[in-house]
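The values are calculated or read from the model by the stated rules, or taken from the named source; none is laboratory data. The structure displayed is predicted, hence computed values, not measured ones. A quick note on method: Cβ atoms are made from the backbone with ideal geometry, for glycine too, and the neighbour counts reach across all protein chains shown. Calculation scope for accessible area: heavy atoms of the full protein, side chains included, ligands and nucleic acids excluded. Shrake-Rupley method; radii C 1.70, N 1.55, O 1.52, S 1.80 Å.
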Amino acid sequence: MLARSAVRALSANSRTFSSSAVRQTKVAVLGAGGGIGQPLSLLLKTDPLVSSLSLYDIRGAPGVAADVSHVDAHSEVNGYPADKLDEALDGVQVVVIPAGVPRKPGMTRDDLFNTNASIVRDLAAAIGRVAPTAHILVISNPVNSTVPIVASTLQKAGVYNPARLFGVTTLDVVRAARFTAGIAGVKPADTPITVVGGHSGATIVPLLSQNAHGKAITGDVYKALVHRIQFGGDEVVKAKDGAGSATLSMAYAGAKFTNSLLRGLNGEKGVITPTFVESPLYKDQGIDFFSSNVELGVNGVEKIYPLGPLSAEEEKLLEACLPELKKNVEKGKAFVESLNPPC
Ligand SMILES: NC(=O)C1=CN([C@@H]2O[C@H](COP(=O)(O)OP(=O)(O)OC[C@H]3O[C@@H](n4cnc5c(N)ncnc54)[C@H](O)[C@@H]3O)[C@@H](O)[C@H]2O)C=CC1
Ligand SMILES: O=C([O-])CC(=O)C(=O)O
């Protein structure tokens, strides 16, 4: 039988081993009381790479936290009301932001700008102050503008690191895989589709030709598939008929992207997925942010991949994407600059 002191030493060692083998991460959700925030918080609670969850909202976060905290996963959960943003951000390494208003039928994502721009800017300023090295995952629309708003806000605060800022475009990737698989009669796992550009209508560019099943889809079926991927959000807004936009599929996509980032931060190699980041790909055309395949690693963005071979149709989609994306990105940057123009 082992002496009691030897047992204590062994269990101390195994604790040390397990905590260094898998880095556990404190994650905050800002907007945790909302349609996306609630199911996203639940899914993050079940992610073994999350050690602690900080749930913040101007309404209802302590209740959501009390509820989610009963799930028998190991992470601890705390909820913070409107006046406790700084406490919610204390010590977090990853912040996911689904705060802001969703669309109603007849609206574009850009119609959300007037309300969501200042919400996202204020949250970014708090992150810059309290958790300046956190990785920030922006869900709030219009993503094409809210990501530049976060970047410019952090830049002003002198703490911007482009390797740590991500627009979450995973729902486009999820939809592209699902819709393509449905047409091809295969599993979504067989139709991983790279989606590039931005996250609204014509700025969403699915590269179907890079997948064997996607490439086989042509003519009117191809056109309808591209339209459905680009306007999948509108499909949900219409079906919800005034009650908001995609929440459950977005929570799934948000949890999926967060898990990819956490795996990268943990040192896993080869974690590659599309995300909207500061990118060199179209900087020569004045577009600072672009979504393409990105390798995620210990520093966040490790490598930004070029688009690869495009079909003639995809070249045209890209041509339509770039001017609209440029406008959206510039609008976000101008919003922050206009508040305090550079001398
Ligand atoms: N990136 C993407 O693919 C997608 C983005 N979205 C966007 O996500 C956002 C949220 O959508 P839903 O959850 O459906 O809306 P929701 O209205 O159900 O929830 C938003 C939550 O944000 C909270 N909030 C508002 N101001 C806040 C602040 N200053 N600080 C913290 N929390 C604040 C509200 O109290 C509310 O609980 C919308 O802008 C929507 O367009 C939605 C689907 C997909
Ligand atoms: O369509 C919306 O407003 C919400 C969204 O971004 C999406 O579902 O892709």
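Take the residues in region 160-174 that are in contact with a strand residue (DSSP E or B) (Cβ under 6 Å, 6 or more places away or on another chain) and assigned to a loop (DSSP other than H, G, I, E, B); name whichever of them is farthest from K215 (Cα to Cα). Only one residue fits best here, namely V168. Every listed requirement among (1) under 26 Å from F166 (Cβ atoms); (2) more than 14 Å from ligand 2 (Cβ to nearest atom); (3) open to solvent by 40 Å² or more (accessible area, probe 1.4 Å) is met by A216 save one, (1). The residue that is farthest from Q93 (Cα to Cα), counting only those in region 270-304 that are within 20 Å of the chain's Cα centre (by Cα) and open to solvent by 60 Å² or more (accessible area, probe 1.4 Å), is P280. Of all the criteria given as (1) at negative phi; (2) assigned to a loop (DSSP other than H, G, I, E, B); (3) among the small types (G, A, S); (4) open to solvent by 10 Å² or more (accessible area, probe 1.4 Å), the one not satisfied by A177 is (2). Scanning region 180-198 for residues that are open to solvent by 20 Å² or more (accessible area, probe 1.4 Å) and touching a Pro at 6+ places or on another chain (Cβ under 9 Å) turns up G182, T194. Within region 232-251, restricting attention to residues that are crowded, with 17+ Cβ neighbours inside 10 Å and of a type outside the set (A, V, I, L, M), the residue that is farthest from K45 (Cα to Cα) is D234.
Remark: A202 falls outside the filter, which requires a residue to be touching a Gly at 6+ places or on another chain (Cβ under 9 Å), within 16 Å of ligand 2 (Cβ to nearest atom) and either polar (S, T, N, Q) or assigned to a helix (DSSP H, G or I) (or both). Looking at L208, L165, just one residue is over 26 Å from V120 (Cβ atoms) and more than 13 Å from ligand 1 (Cβ to nearest atom), and that residue is L208. How many residues does region 138-158 contain that are within 12 Å of ligand 1 (Cβ to nearest atom), assigned to a helix (DSSP H, G or I) and touching a Leu at 6+ places or on another chain (Cβ under 7 Å)? The qualifying residues number 2.
Considering only residues of region 116-131 that are within 16 Å of ligand 2 (Cβ to nearest atom) and among the aliphatic types (A, V, I, L, M), which is most open to solvent (accessible area, probe 1.4 Å)? Looking at the filtered set, the residue picked out is I119. Scanning region 182-197 for any residue that is hydroxyl-bearing (S, T, Y) and in a helix (DSSP H, G or I) turns up nothing.
Based on what the data block shows, is K223 more than 11 Å from ligand 2 (Cβ to nearest atom), without any contact (Cβ under 8 Å) to a residue 12 or more places away in the chain and charged (D, E, K, R)? Yes: the conditions hold for K223. Scanning region 189-214 for residues that are over 18 Å from the mean Cα position of the chain (by Cα) and touching a residue at least 24 places away in the same chain (Cβ under 8 Å) yields A202, L207, L208, S209, Q210, N211, H213, G214. In region 90-137, of all residues being in contact with a Leu (Cβ under 8 Å, 6 or more places away or on another chain) and among the β-branched types (V, I, T), the one that is nearest to ligand 1 (Cβ to nearest atom) corresponds to V101. Filtering region 96-115 to residues that are away from ligand 2 (no atom under 11 Å from the Cβ), farther than 22 Å from K256 by Cα and surrounded by 17 or more Cβ atoms within 10 Å (Cβ to Cβ) leaves only F113.
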